[in-house]
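One structure is given here, and the rest of the page talks about it.
The values are calculated or read from the model by the stated rules, or taken from the named source; none is laboratory data. Since the structure is predicted, the reported quantities are computational estimates derived from the model, not experimental observations. For neighbour counting, all protein chains shown are included, and Cβ atoms are generated from backbone atoms with ideal geometry for every residue, glycine included. With ligands, DNA and RNA removed, areas are computed over all heavy atoms of the protein, side chains included. Shrake-Rupley method; radii C 1.70, N 1.55, O 1.52, S 1.80 Å.
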Amino acid sequence: LQQHSANPIVVHGFRAQTMFAYLAAALGGCKIITEEDGGDFYVADPTLKRPDFRILTDEGKEFFVEAKNFNQTDPTTPFVLKAEYAHSLRSYAEAFQKPLLFAIYWVRWGLWTLTPFAHFSRSGETYAIELTEAMKNDEKALIGDCMIGIPKPLSLRFYTDPTKPRKVSPDGHAQFTIQRVVFVAAGRDIVDAFEMKLAGFFLYYGP
C-alpha cells in the first residue's frame, strides 16, 4: 500500500479507473458496470490479465474495458502499450468471446475516448493509437454518450428601447434602456420556451 500510494503513476491510474466508472454510470446507457479485476482469480494460463471493467449496456451489448490516462505534451504523441501487456488483456477478453475496448483519458485536453483494441496499430513490441484515430473510432455512444447539433452561431441579443434615451458619452459610457432580450440561432430568434432554456444552458456551459 505504501509503495502504491508513493507512486504517482499508480495513483493517477487508479484515479482514471474510478473516473471512467462514474462517467459510464452518469451517461445512463449501462445496465451493469462491474469491476472485473478485483477478487480471487484462478486461471490455467498465467499470462492472462483481467481488464478493469465488464460492461453490459441497455442495448444488451457486453464488453471489457481497460481504463488509462495519458498526459500528452504534444497532440501528435501516440498512446503506447507494451504488446505483451495488450495481448494478456486481449486473450482474457477472447476467452469470454467479448470485445476489448480501451478508455483513455487524454489529460491535457480533458477528453475521454472509448476505442476498440482493433484500432490500435502494432509496431514491434508495442501497440499505439493517436488522439485523432481514437476520436474517429470513439465508441462512447455504446454507453449513452451523444452530441447535440445546433444552428450556428448561437448568441444572446439585447434590443434597446428606441423611445428612451440612447447615447454614448465621449468617455465610452452608454446610456440605454433594454427593451427585450432574445436568444438567436443562425440569425433567427428562438421563441420556444424549452429551446430558450437549452440555448441558455449551451451558452453557459457549451464548449
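Test D138 against the criterion of being at pLDDT 95 or above, under 22 Å from T18 (Cβ atoms) and out of contact with any Cys (no Cβ under 8 Å at 6 or more places or on another chain), and give yes or no.
Taking the combined requirement at face value, the residue satisfies it.
So for region 2-16 (the condition being part of a loop (DSSP other than H, G, I, E, B), touching a residue at least 12 places away in the same chain (Cβ under 8 Å) and not small (G, A, S)), does at least one residue qualify? Among the residues of region 2-16, not one is part of a loop (DSSP other than H, G, I, E, B), touching a residue at least 12 places away in the same chain (Cβ under 8 Å) and not small (G, A, S), which makes the answer no. Consider region 136-183. How many of its residues are part of a helix (DSSP H, G or I) and touching a Phe, Trp or Tyr at 6+ places or on another chain (Cβ under 9 Å)? Selection size over region 136-183: 2.
Yes/no per residue for (1) at pLDDT 90 or above; (2) within 28 Å of G124 (Cα to Cα):
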| residue | (1), (2) |
| --- | --- |
| D37 | no, yes |
| P46 | no, yes |
| D58 | yes, no |
| L101 | yes, yes |
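Looking only at residues in region 109-135 that are part of a helix (DSSP H, G or I) and touching a Leu at 6+ places or on another chain (Cβ under 9 Å), the one that is modelled with the lowest pLDDT is W109. In region 145-166, is there at least one residue being within 30 Å of Y85 (Cα to Cα) and not basic (K, R)? Yes - at least one qualifying residue is present in region 145-166. Number of residues in region 166-185 that are open to solvent by 50 Å² or more (accessible area, probe 1.4 Å) and of a type in the set (A, V, I, L, M) equals 4.
Being farther than 19 Å from Q72 by Cα, surrounded by fewer than 17 Cβ atoms within 10 Å (Cβ to Cβ) and touching a Pro at 6+ places or on another chain (Cβ under 6 Å) is a property that does not hold for A141.
Only strands (runs of 3 or more DSSP E) whose full extent lies in region 25-84 are considered here, and the ones with at least 1 residues that are among the polar types (S, T, N, Q) and open to solvent by less than 80 Å² (accessible area, probe 1.4 Å) are 30-35, 53-57, 62-70.
Out of all the residues in region 88-97, is one or more out of contact with any strand residue (DSSP E or B) (no Cβ under 9 Å at 6 or more places or on another chain), free of Cβ contacts under 8 Å to residues at least 24 places away in the same chain and surrounded by fewer than 18 Cβ atoms within 10 Å (Cβ to Cβ)?
Looking through region 88-97, at least one residue is out of contact with any strand residue (DSSP E or B) (no Cβ under 9 Å at 6 or more places or on another chain), free of Cβ contacts under 8 Å to residues at least 24 places away in the same chain and surrounded by fewer than 18 Cβ atoms within 10 Å (Cβ to Cβ).
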